[in-house]
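The values are calculated or read from the model by the stated rules, or taken from the named source; none is laboratory data. Keep in mind that this is a model prediction, so the values were computed, not measured. Reconstructed Cβ throughout: ideal geometry from the backbone, glycine too, with neighbour counts over all protein chains shown. Surface accessibility is based on the protein's heavy atoms, side chains included, excluding ligands, DNA and RNA. Shrake-Rupley method; radii C 1.70, N 1.55, O 1.52, S 1.80 Å.
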Amino acid sequence: MKTRLLLLSMVCSLVNSLYAAPPSVTSVVASQRTGTKLVDVTYNLALDPGQTAFVELWFSPDNGLTFPVRCTAISGDVNASVSAGAGKSVVWNAEADWDQQFTNNGKIRVIATYGNQPS
């Protein structure tokens, strides 16, 4: 009886994880603070109830064609254990990750994945 109950709970867990909606990031807005190399980023994050996500930022100097720069000098609603909500905010210190470079075509990508590890 215990074996059947354990098996049933494992199957239910697997089925539930198959139907979980992936994290959804919307309304990403990035703007550089005048006279600085700090970039303010806001976004909305939708998750399944009770879940948290690992949120990371990537930078594109070529208008979104590629995103070769992982933003690591960041603070705010990023990295592990970010909860769902609107108006999440991040500050990226571009000087630390992409110093001595310039583009008029920069874009930020915000990626959220369930768990506590980057994508």
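Accessible surface for segment 11-106, divided over its residues, is 59 Å² per residue with a 1.4 Å probe. Spin-label model, A20/T72: points 7 Å from Cα along the beta carbon direction are separated by 2.8 nm. For the listed peptides 23-36, 103-116, a ranking on the average number of other beta carbons within 10 Å per residue, highest first, reads 103-116, 23-36.
Using the Karplus relation 6.51 cos²θ - 1.76 cosθ + 1.60 with θ = phi - 60°, the per-residue 3J(HN,Hα) values for segment 63-69 come to 6, x, 5, 9, 10, x, 9 Hz, with x marking Gly and Pro.
Working from label points 7 Å from Cα in the Cα-to-Cβ sense, the D40 to N116 distance is 3.1 nm.
Count the net charge of all other residues whose Cβ sits under 13 Å from the Cβ of L38, scoring Lys and Arg as +1 and Asp and Glu as -1. Result for the local shell: -2.
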